[in-house]
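The values are calculated or read from the model by the stated rules, or taken from the named source; none is laboratory data. Since the structure is predicted, the reported quantities are computational estimates derived from the model, not experimental observations. Here the Cβ positions follow ideal geometry from the backbone for every residue, glycine too, while neighbour counts run over all protein chains shown. Each accessible area value is taken on the protein alone, full model and side chains, heavy atoms only, with ligands, DNA and RNA left out. Shrake-Rupley method; radii C 1.70, N 1.55, O 1.52, S 1.80 Å.
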Amino acid sequence: MTRIYNFAAGPAVLPEPVLEQAAGEMLDWHGSGVSVMEMSHRGKAFIGIAEQAEADLRELLAIPANYKVLFLQGGATLQFSAVPMNLLRGKKSADYVNTGEWAKKAIKEAKRYGAVNIAASSEDRNFSYAPPQAAWKLDPNAAYLHYTSNETIGGVEFHWVPATGSVPLVADMSSHILSRPIDVARYGLIYAGAQKNIGPAGLTIVIVRDDLLGAALPATPSLLDYQVQADNGWMFNTPPTYAVYIAGLVFKWLKKLGGLRKMEEINRAKANVLYEFLDQTEFYYSPVAKSDRSLMNVPFRLKNETLDEEFLKQAKQSGLAELKGHRSVGGMRASIYNAMPAAGVKALVGFMRDFQAKNG
Ligand code: PMP
């Protein structure tokens, strides 16, 4: 068996001990004689798995008791619709911060349900920075403010939490949730697709403050109504059981590692190795403003773009996979999520140094 270093943006690398445990439990989960995939979601065994997963996530993020945690389906993309459907609550418009590809998609969907005020944008500099709060034009009557706290494609991360007064703050944290501690109480709602730092694709996590529930637009499908999902213990229909189980194993892995403070320390050290290398070479560069660089998604470019294809080919031959940047922006991108070992980042930098020496 050969495992490669997988720098994919998502679905992405998962912790090896988690995969090993899942493999060991595949045919017979804890003496039940069945795989988790084959269990009823209403049975005692799975209910136990689900409750433990939720409890561990609550502990990891220190989620206050007045927040519901929902394990849903449909990806972060479905939340682009669910958020306005649930949170407009009779108001006419919502504020959005436009920081790149994912923010734009969220804005496009929101416009189907109400007016959107672009409170801030970084489009003027090709989405290469997080617009500073001082430049934001907030609407005090907005139903909520939505921002993408880590732009997976652009590699721009907010290292600060926006202040929105009494307007609920909503964050798409898909690509950096669980990478470091967050103060959940600052948010009205947080959502994230699982396939980066949480587990397999097919699971979407929503963390929502109680007072925002119960006023969904009348046409909201029951499945998308947070109140309905909360009332039914996020099992209004069959949840993605196997994905919930793997997520639960990932939460245990994080707890064993020392929780999110420790995870942040490790992530900072990993990202520093790559950024420090990028900043001292003339051969490669990072297109992102230094203060807003993502610890999870690191886009970088070769100054001589005619070498891009050769770079990717040789990287793959060296066991470094999925380094091609998103098709909308080109260049390279290394996604170095929680489960990417420090050795993977070191191997990448070593390869980049060699490639430069041969081609620089
Ligand atoms: N938001 C962000 C920040 C993302 O990175 C992604 C997926 N890469 C999405 C939303 C969409 O997620 P999904 O494919 O789970 O709908």
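Things to note:
- Residue within region 179-190 that is open to solvent by 10 Å² or more (accessible area, probe 1.4 Å), polar (S, T, N, Q) and either assigned by TED's automatic domain parsing to the domain that holds Ala50 or part of a helix (DSSP H, G or I) (or both) present: no
- Looking across Leu61, Leu57, Leu72, Leu87, one residue alone is farther than 30 Å from Gly258 by Cα and either in contact with a helix residue (DSSP H, G or I) (Cβ under 6 Å, 6 or more places away or on another chain) or of a type in the set (A, V, I, L, M, F, W, C) (or both). It is Leu87.
- Residue in region 148-169 that is under 15 Å from Leu61 (Cα atoms), within 16 Å of the ligand (Cβ to nearest atom) and modelled with pLDDT of 95 or more present: no
- Any hit, region 196-215, residues being free of Cβ contacts under 8 Å to residues at least 24 places away in the same chain, within 16 Å of the ligand (Cβ to nearest atom), crowded, with 23+ Cβ neighbours inside 10 Å and within 20 Å of the chain's Cα centre (by Cα): no
Residues checked against (1) touching a helix residue (DSSP H, G or I) at 6+ places or on another chain (Cβ under 8 Å); (2) among the hydrophobic types (A, V, I, L, M, F, W, C):
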| position | (1), (2) |
| --- | --- |
| Phe300 | yes, yes |
| Gln314 | yes, no |
| Gly319 | yes, no |
| His326 | yes, no |
| Pro341 | no, no |
| Met352 | yes, yes |
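- Selection status of Gly43, farther than 30 Å from Gly188 by Cβ and surrounded by fewer than 19 Cβ atoms within 10 Å (Cβ to Cβ): yes
- Scope region 8-33; condition over 30 Å from Pro299 (Cβ atoms) and either at pLDDT below 95 or surrounded by 15 or more Cβ atoms within 10 Å (Cβ to Cβ) (or both); matching residues: Gln21, Ala22, Glu25, Trp29, Ser32
- In a residue-by-residue description of region 139-146, the property of being away from the ligand (no atom under 16 Å from the Cβ) and open to solvent by 50 Å² or more (accessible area, probe 1.4 Å) applies to at least one position.
- Residue match in region 266-283 (condition: within 16 Å of the ligand (Cβ to nearest atom), at pLDDT 95 or above and open to solvent by less than 30 Å² (accessible area, probe 1.4 Å)): no
- Count of region 312-352 residues, restricted to those that are over 27 Å from Glu16 (Cα atoms) and modelled with pLDDT of 95 or more, is 1.
- Extreme residue, farthest from Val250 (Cα to Cα), among residues of region 191-220 that are of a type in the set (S, T, N, Q) and part of a loop (DSSP other than H, G, I, E, B): Thr220
- Taking region 216-251 as the range and being open to solvent by 30 Å² or more (accessible area, probe 1.4 Å) and closer than 21 Å to Ile198 by Cα as the test, the residues that pass are Gly233, Thr238, Tyr242.
- Extreme residue, farthest from Arg209 (Cα to Cα), among residues of region 50-62 that are open to solvent by 20 Å² or more (accessible area, probe 1.4 Å) and part of a helix (DSSP H, G or I): Gln52
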